[in-house]
Structures are given as structure tokens and as C-alpha cells.
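The values are calculated or read from the model by the stated rules, or taken from the named source; none is laboratory data. A quick note: this is a predicted structure, and the numbers were derived from the prediction, not measured. Positions of Cβ are generated from backbone atoms using ideal geometry, with glycine treated the same way; all protein chains shown enter the neighbour counts.
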């Protein structure tokens, strides 16, 4: 009787370990697909910046006065921002 109860405990522990391994692989696959989706979105944003196709970005501008060699110079900076549920990107252009 003692030997059969020991085998039962071994089986229960084995099932517990296998279920833990299975659940962790299932969760890692879900996280990988989410990360892969973010990576694809970042690549698309990079391509749109390189092509100067900024229609998905919110555009704002601001002017700054800069003192260079005792001369005041006005510089206008354009700020392009993109905000998603997982990605926030800010791009500045002169």
C-alpha cells in the first residue's frame, strides 16, 4: 500500500510540473506575438519617417530664440508625435 501511494504522489507531482511547463510556454508564445506586433509597427513608423510620409503623426511647431556668437537666431522646430496603446514616438525636425 505504501508503494502505490508513493507512485500516486509521483504521478501528481509529474502532472503538476508538466502543467506548469505547458502554461509557461503558452504565455511566452502570447507575449512573443504581442512583441512581434509592436516590432512590425515600429518598422512601419520608421519607413514612413524615411519616406517623409507623416500623415499618421500629429504635427506641432514651436519657435526658439538661440544666441550664437552674440547673434539672436530664431529656430523653428517641428514636432511629430505618434501615440498608440503600446508605442509613443516623438520625432523632431528643423
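A search for C-beta distances below 9 Å between a residue of the range 14-37 that is closer than 23 Å to residue 85 by Cα and any residue that is at pLDDT 70 or above and assigned to a helix (DSSP H, G or I), counting only pairs 6+ apart in sequence or on different chains, returns nothing. Scanning the range 39-94 for residues that are touching a strand residue (DSSP E or B) at 6+ places or on another chain (Cβ under 8 Å) and part of a loop (DSSP other than H, G, I, E, B) yields 54, 56, 57, 94.
Only a single criterion out of (1) under 24 Å from the mean Cα position of the chain (by Cα); (2) surrounded by fewer than 10 Cβ atoms within 10 Å (Cβ to Cβ); (3) at pLDDT 90 or above is not satisfied by residue 81, namely (2).
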